[in-house]
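> One structure is given below, represented as structure tokens, and several questions about it will come after.
The values are calculated or read from the model by the stated rules, or taken from the named source; none is laboratory data. On a predicted model such as this, the values are computed, not experimentally measured, just so you know. Positions of Cβ are generated from backbone atoms using ideal geometry, with glycine treated the same way; all protein chains shown enter the neighbour counts.
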Amino acid sequence: MQLREFFIGVCLLVGMIANAQDESGLVVIGDMAPEFQLNDGKETITLSSLKGKVVLVNFFATWCPPCRKELPYVEEQVWKKYKNNPNFKLLVVGRNHSQEELIAFNKDKFEMPFYPDKDRQIFSKFAINTIPRNYVINKQGKIIYASTGFTLDSFSEMLKVIDKALKL
């Protein structure tokens, strides 16, 4: 019985930490998003080239259980809904991953494109640590949503922010 109580206590502590104010973020809602460049081997994208679009930047790692839980939701509820919308861009960024690692990880799991950030050059402009991490950037380049970790509630809130930003 003591082990069960210990496990419950650890779970509660982890939940409290996850819900505490995230001090590992370097940018917050209201900040202009930092400029960056991504290349997936097919195209090079800069944030400035996406001005006029709503952009979702999703940082993940292949080894991260919450990230792996979140990615199917990103595919189903973001990518499939908005992939043909000319005013939206989804950037799923593999923190500390090469393009080869992302290709091996994906291997027919997802349709959405993945972008490598092998040396954390992009991630380090947004945060120090902690993934998954999402940022919604409006058409003017301002961060209008930021989250750390994955819960269905925060994901639903993010979808509302994206919908509202696309209507503006």
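> Only residues in the stretch 128-149 that are closer than 16 Å to CYS64 by Cα count as the first member; pair them with residues that are assigned to a strand (DSSP E or B) and hydroxyl-bearing (Ser, Thr, Tyr), Cβ under 6 angstrom, at least 6 apart or cross-chain, and list the lot.
THR130/THR148; ARG133/THR148; ASN134/SER147
> Take ILE122 and tell me if it is in contact with a Gly (Cβ under 9 Å, 6 or more places away or on another chain), hydrophobic (A, V, I, L, M, F, W, C) and within 25 Å of LEU26 (Cα to Cα).
In short, no.
> Take the residues in the stretch 19-33 that are loosely packed, with under 15 Cβ neighbours inside 10 Å and not polar (S, T, N, Q); name whichever of them is modelled with the lowest pLDDT.
Filtering first and then ranking leaves ALA20.
> Go through the stretch 24-79 and give me each residue that's basic (Lys, Arg) and more than 21 Å from GLU100 (Cα to Cα).
Scanning the stretch 24-79 gives LYS51, LYS53, LYS69.
> For a quick check of your reading: which strands (runs of 3 or more DSSP E) sit entirely within the stretch 40-95 and have at least 2 residues that are among the hydrophobic types (A, V, I, L, M, F, W, C), over 20 Å from SER156 (Cβ atoms) and touching a strand residue (DSSP E or B) at 6+ places or on another chain (Cβ under 8 Å)?
Fully inside the stretch 40-95 and qualifying: 88-95.
> When only residues in the stretch 126-160 that are basic (Lys, Arg) and surrounded by 15 or more Cβ atoms within 10 Å (Cβ to Cβ) count, which is nearest to VAL78 (Cα to Cα)?
Of all residues in the stretch 126-160, those basic (Lys, Arg) come to 133, 139, 142, 160.
With the extra rule that they be surrounded by 15 or more Cβ atoms within 10 Å (Cβ to Cβ), the set shrinks to 133, 139.
Details: ARG133: 15, LYS139: 17 Å.
Ranking the qualifying residues of the stretch 126-160, first place goes to ARG133.
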